[in-house]
């Protein structure tokens, strides 16, 4: 009789622990499935937004090129003695200067963000090393 009482509670505890572990595994699988579907949904939204942005940029570039050509020919009409190549230079130079300024600003911002990210990683590593000591 004493052996039956001792084995019976151990069996119940074991069943409870197995049930808890099965529930934990199921919850982890469900959370991973939810995470995957969220990531996939975000990727699809980003893909759609990127496609629209690319089409918009292509349309704006086409319009910008046509507008620049219009300004060149307007200069030739307004100043008949001005050669066509000079009109292209007058209109193209500020566009190139603005484009270079924007590229330079973007590269500085990118390198500043990279430095900030690297500094953040270094500070985390320093904190880990300090806490390990």
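What follows draws every value from the coordinates through simple rules; no lab data is involved. Because the structure is predicted, anything quoted here is derived from the model rather than measured. Cβ: placed from backbone, ideal geometry, glycine included. Neighbour counts: every protein chain shown.
Working from label points 7 Å from Cα in the Cα-to-Cβ sense, the residue 26 to residue 109 distance is 4.9 nm.
Residue separation times 0.36 nm, minus the C-alpha to C-alpha distance between residue 62 and residue 81: what's the value?
On the way: separation 19, 0.36 × 19 = 6.84 nm, distance 2.87 nm.
So the extension gain works out to 4.0 nm.
Spin-label model, residue 101 to residue 53: label points 7 Å out along the Cα-to-beta-carbon direction sit 2.3 nm apart.
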